[in-house]
Amino acid sequence: MGIWSCDFRYLLILVAIAFIYTQVKLFSTESEYADLVAAAVEAENHCRNQMRLIIDQVGTHQENIVVLEEKVKLQEQECDRLMAVVQDLEKKGVRSLIQDEQVPVAAVVIMACNRADYLERTIKSILKYHNSVALKFPIFVSQDGSNADVRTMAMGYDQLTYMQHLDYEPVITERPGELIAYYKIARHYKWALDQLFYKHSFNRVIILEDDMEIAPDFFDYFEAGADLLDQDKPEKHQCSKISNLRRSDLGSSLGQFFQQYLKPIKLNDVQDKFVKHFANLLKNAKPLFGNDLVLKTNNINGDVRIHYTDQSHFENIARQFGIFEEWKFPPTVGNPKPLK
């Protein structure tokens, strides 16, 4: 009986140990699960906070998008309004230059880009002889690009209408190695001519570059030749036709421009009053030689004729008189040269 009692105690002790071990194990497991649950809850809360933050940011961005869309609409409306104002001003400007009863001979357009000082000289040269023929020859300045000095210069004259050509389209040349600048220039010319021929409905356009100065009889010459140019065939046009292009679609490159308009040009072989007039001017002009040419010219009442021998000699003379130094013809063609 004593042996069984001892064995029973040992058994109880083993059972108690097993129970305690099991309880400790369960407590440890429950603690681990509790930690995992706490971590999961914390992660869930963090995710919820992040989601709320993202939702708030999306809402803010949507509000910004709505505001920006409204601003874009307002800017588009403002652009449309300004465009309408500009078009109205252009029409008024042209109407102020051209009266209903006065049919213009031709529009005069100065092609400009970024040389404000040259443009100013050209404009002043034109306006010097323009007042009496303003209704016959409305003046335009067409600027290629956004040079601020050129725009300010052109818009400072009430006697002319300013146009601006902005071209941001990439240029694809027809052949490798071609200069992109030629394509840009051709696009500007086509745009300007389209504006004058189609938008403003001119029948003729005289094109001047921004480094030209005109002679006193410039407008008389083109007015006298207008009817002849209307009746003449393209292959028999006077060489002045180079600056008096008629309504047409220009090609996309200067190569096409040359083939269509410049190649058929030849020197005038018709005797007219202008040939005799200029011949008489040269014949009657007093020849000058040596130094101090400006002083000598100022002391002569009438036209003078100054001979130059080569390009450097011509440029030296041009600097003395303040005229363009660009070399156009060799001495065998350009001599004699009237400078007054």
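Brief remarks on what is shown
- Residue ID - nearest to Asp210 (Cα to Cα), chosen from residues in the stretch 134-152 that are more than 16 Å from the chain's Cα centre (by Cα) and crowded, with 20+ Cβ neighbours inside 10 Å: Ile139
- Any hit, the stretch 167-184, residues being under 30 Å from Ala134 (Cβ atoms), in the same structural domain as Leu127 (by TED's automatic domain parsing) and surrounded by 18 or more Cβ atoms within 10 Å (Cβ to Cβ): no
- Exactly one residue out of Ile214, Ile180, Ile172, Ile206 is over 24 Å from the mean Cα position of the chain (by Cα) and either among the β-branched types (Val, Ile, Thr) or modelled with pLDDT under 85 (or both), and it is Ile214.
The values are calculated or read from the model by the stated rules, or taken from the named source; none is laboratory data. Because the structure is a prediction, the values reported are computed rather than measured. Positions of Cβ are generated from backbone atoms using ideal geometry, with glycine treated the same way; all protein chains shown enter the neighbour counts.
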